[in-house]
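A short reminder: the numbers here are calculations on the coordinates, not readings from a lab. This one's a predicted model, so the numbers in the text were calculated from it and none came from an experiment.
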Amino acid sequence: MIKQRVDTAFYDRVYTELEDWSLENNTIDKIEAEIVARIVSKLSVLQAEITSSENSLNTTKQSTGSSDSENRPMPLKCFNLKPSVIEIPDKLPVKL
């Protein structure tokens, strides 16, 4: 119980000092803005790749026609090939 109080007081003090330092230097806001900008730029690159792939797929579908695509088998990656999980008990029941 005493250790918990000491830990709580320590973390409260660290948090308070970090907030004060952040307000003085405005550092955390700058770091957060930089991280958000990086995430947005990476997401926009991924979105461009997805859009390009979708456009390519749509072009391929239009050029092959619907009757051809209905006769093609589905690729294996669409099927769930994971084996089922069977739980085996550690000990078997003993007869009385």
Step through the residues of the stretch 46-60 one at a time and calculate ³J(HN,Hα) from phi using the Karplus curve (6.51 cos²θ - 1.76 cosθ + 1.60, θ = phi - 60°), rounding each to whole Hz and writing x for Gly and Pro. 5, 5, 5, 5, 5, 4, 4, 5, 4, 5, 5, 5, 5, 5, 5
Relative to the present Cα-Cα distance, how much length would full extension add between M1 and K61 at 0.36 nm per residue of separation? 14.9 nm
